[in-house]
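*Asks:* Pasting in a structure now, in structure tokens, and then I'll have a few things to ask.
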Amino acid sequence: MKLQTFNQKTYSLDIMYHMGAYENSIHFIFDHDSKTCAIIDPAWHADLFIEYANNKGYQITDIWLTHWHYDHTNAVDEIAKKTGAKITAGINELPYLTLKQDLTPVKNGDSVTLGHTTAVIINTPGHTAGGICYLLDGHILVGDSLFVYGAGHCTMPGGNVHKFYHTMQVLKQVDDAIMLHCGHDYGYKINTTMGEQKAGNAYLLLDNEADFVRFVDGISQGIITYPTEALSLKEVQAML
């Protein structure tokens, strides 16, 4: 496991990398004043996460989900039951979630708060039907909607490559200086900004929907090699 901390005015962001069977990245938002914690997409190690927050002097009061996939949700019920944490998920993701605990749905443009820390919801369907991202001061938590120089697949229930294309156009509007944090460490480096990704991420470079669909479908079919490093638009187009 690798651990990183990023400090902002009202909160700190801690990230545990390479957790569980699919090497998830688990994100903790610690609101300084309220001593409350939101955990994003908790999976695999419920007690470890609760203990980690408690040892830092914080209580997990919120669980923020980016999408329904099992490797991002399999510790949610246990944490919610043990802590009483409120669960937040995108409204269009509710049909796919099978959690036993109650959920609070959010939609595009809504805000979620943790003490004095606020995150704005951005709808990012495509990897799943109702995936969302959380835009905070200085950072965006994207689940599997983007990876470092890559992105999630569209092959499971609710996935839609055409919607994913339009999600990429939305994500390109996020400020270049915002740091990007993904659900898995699948690229050749961990830390990146939206500006770096706009300049070299194939999924963001393709500005033609037909080309984007051909690219994503080609990766799913094994015809195109999944990228892990920065590419130019010319290099991406040569792969089509």
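*Asks:* Sort MET168, MET16 so that the residue with the fewest other Cβ atoms within 10 Å of its own Cβ comes first and the one with the most comes last. It would help to have the intermediate numbers written out before the result.
*Replies:* Working: MET168 24, MET16 20.
Placing the least packed residue first, the sequence is MET16, MET168.
*Asks:* Restricting to bridges with both residues inside the chain, how much of the DSSP beta-bridge set is antiparallel, in percent to the nearest 5?
*Replies:* 70 percent
*Asks:* Could you tell me what percent of the DSSP beta bridges with both partners in segment 88-207 are antiparallel, to the nearest 5?
*Replies:* Values: 14 of 20 bridges.
Given both bridge residues lie in segment 88-207, the antiparallel proportion sits at roughly 70 percent.
*Asks:* Gain in length, GLN169 to ASP33, computed as 0.36 nm per residue apart minus the alpha-carbon separation, to one decimal in nm?
*Replies:* Numbers: separation 136, 0.36 × 136 = 48.96 nm, distance 3.56 nm.
Gain on stretching GLN169 to ASP33: 45.4 nm.
*Asks:* How compact is the chain by the rule of thumb for globular proteins, expressed as Cα Rg over 2.2 N^0.38 Å?
*Replies:* Details: Rg = 17.1 Å, N = 240, 2.2 N^0.38 = 17.7 Å.
That works out to 0.97 for the chain.
*Asks:* Which of MET1, MET179 comes first, and how do the rest follow, when ranked by fewest Cβ neighbours within 10 Å? Provide the component values of the computation, followed by the final result.
*Replies:* On the way: MET1 10, MET179 16.
The order, fewest Cβ neighbours first, is MET1, MET179.
*Asks:* Mind checking which of ASP217, ASP41, ASP62 has the largest fluctuation in a GNM of the chain, springs on alpha carbons under 10 Å?
*Replies:* Ranking ASP217, ASP41, ASP62 by mean-square fluctuation puts ASP217 first.
*Asks:* Once each part is reduced to its C-alpha centroid, what is the distance from segment 78-96 to segment 145-178 in angstrom?
*Replies:* 23 Å
*Asks:* Here's something else I'd like to know. Going by C-beta contacts inside 10 Å, put TRP64, TRP44 in order with the fewest on the left. Walk me through the numbers before you get to the answer.
*Replies:* Working: TRP64 25, TRP44 16.
Going from sparsest to densest Cβ surroundings: TRP44, TRP64.
*Asks:* Could I ask something else about it? Residue-wise, which Karplus ³J(HN,Hα) couplings in Hz belong to segment 184-195, taking 6.51 cos²θ - 1.76 cosθ + 1.60, θ = phi - 60°, and x for glycine or proline?
*Replies:* Those phi angles translate into 8, 9, 9, x, 8, 8, 8, 8, 7, 10, 4, x Hz.
*Asks:* With a ≥ b ≥ c taken as the square roots of the eigenvalues of the C-alpha gyration tensor of segment 160-205, please select rounded if a/c is under 1.5 and otherwise prolate if a/b is larger than b/c or oblate if it is not? Write out the running numbers ahead of the final one.
*Replies:* Numbers: a/c = 1.90, a/b = 1.33, b/c = 1.43.
Oblate shape, in that a/c is at least 1.5 and b/c is the bigger or equal ratio.
Coordinate-derived values only; no laboratory data. What you are looking at is a predicted structure, and each value in this text was computed from that prediction instead of being measured. A quick note on method: Cβ atoms are made from the backbone with ideal geometry, for glycine too, and the neighbour counts reach across all protein chains shown.
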